[in-house]
1. Run lengths n ≥ 4 of DSSP H only: what is the helix-derived mean residue ellipticity at 222 nm for the chain, with -39500 (n - 2.57) per run over all residues, to the nearest 500?
2. First select every other residue whose beta carbon is under 12 angstrom from the beta carbon of D51; then total the charges, Lys and Arg +1, Asp and Glu -1.
3. Applying the Karplus parametrisation 6.51 cos²θ - 1.76 cosθ + 1.60 with θ = phi - 60° to the phi angles of the range 179-196, what ³J(HN,Hα) value in whole Hz is obtained for each residue in order, glycine and proline being reported as x?
4. What is the distance in Å between the Cα centres of the range 145-187 and the range 98-128?
5. Which of the residue pairs K101/K196; K86/K324; K223/K244 have a Cα-Cα distance greater than 19 Å in the structure shown?
6. Listing H282, H72, H128 from the residue with the fewest other Cβ atoms within 10 Å to the one with the most, what is the order?
7. Within the set K237/K276; K66/K130; K39/K162; K130/K321; K26/K66; K66/K221, which residue pairs have Cα atoms separated by over 31 Å?
8. Using a Cα-Cα cut-off of under 12 Å, which aspartates and glutamates could be cross-linked to K95, ignoring same-chain neighbours fewer than 8 residues away?
Amino acid sequence: MFKNFKLYGSVLVLSVAQLVAKAQEKIIVSKGNPIITDKYTADPAAYVYGDSVYLYTGHDVAPAPKNNYEMHEWLCYASADMITWKEHKSPLNAKDFSWAKDDAWASQVIERDGKFYWYVAITHGSIHGKSIGVAVADNPRGPFKDALGKALITNDMTTAVKITWDDIDPTVIIDDDGQAYLFWGNQQCYYARLKKNMIELDGPIQKVNLPEFTEAPWIHKRKGWYYLSYASQFPEKIVYAMSKNINGPWEYKGILNEIAGNSNTNHQSIIDFKGKSYFIYHNGAINNDGGSYRRSVCIDYLNYNTDGTMKRVVMTSEGVKKAK
């Protein structure tokens, strides 16, 4: 009887936990840009998996006074049509990294061999400055847990610029030959190969010299071209470079997206989904309180020219139509 009671109790607890998680999910139907209006979202990173787009964002919590970014967790949304989004329970928090201090900054998720790896920018607890950590999960909704128990990149590993925040904004790609690469940086763009386990560097950290690089690199590949887009100057525009080789040389191609309204920063992700290309970014459209610390994710179409270059993104309030 006692054993059965314990078994019954464990099942009951699990059911309650599942009900709580379900209650925390919410359906959001986008009515244009920004796509999410009940909270502030920033630094979007989208990933196509199966028949859905998973959108991972930071969460601006609107501090007062309005002179700094306050971010403690990352958020996860999923959609099969780019219009109706399911908000899942937050799958990762800065507190999930025991070695870190705080600051859930820009991130990106990628899948390999059935595991999902989440690369995040976060403030280190004992090594001065920003750092990059890695979390892992068995599905794109999480929950994610620290994959290393320590940072993958720390500020003392990069010395090209004498700042404490040059190790931020990770972006990752797995090339056609299976080799994975991590790009990141502020004021200087860095990159390094990753081992197949996705949680160790596989060689030295190298520099990518790009015109007026500020931050927010995003790496993607299409039809034999590598594209490295990034935030430039301040307030930030998104510009990009192209190469036939991921190791360069990179050819600068100019502005992709202009300054986003009411936001000093701009941070993009680029995906293909159901036959169309999308440019996902943030602006300050629903921030009525001043400052640049309350951002909101937007989505517009991205188009390519016949030579592979990208057309300048037209930012709209209408956003995109339902993907079919």
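All of the numbers you see were taken from the coordinates with simple rules; none came from a lab. None of these values were measured; they are calculated from a predicted model. No Cβ is skipped: glycine too gets one built from the backbone with ideal geometry, and neighbour counts run over all protein chains shown.
1. Counting only the DSSP helices, I get -2500 deg cm²/dmol.
2. Neighbourhood net charge equals +1.
3. 7, 9, 9, 10, 10, 6, x, 9, 6, 9, 8, 10, 8, 7, 6, 10, 5, 4
4. 10
5. Pairs exceeding the cut-off: K101/K196.
6. Fewest to most other Cβ atoms nearby, the residues stand as H128, H72, H282.
7. Beyond 31 Å between Cα atoms: K39/K162; K130/K321; K66/K221.
8. The reachable aspartates and glutamates, counting only those whose Cα sits under 12 Å from K95, are E73, D103, D146.
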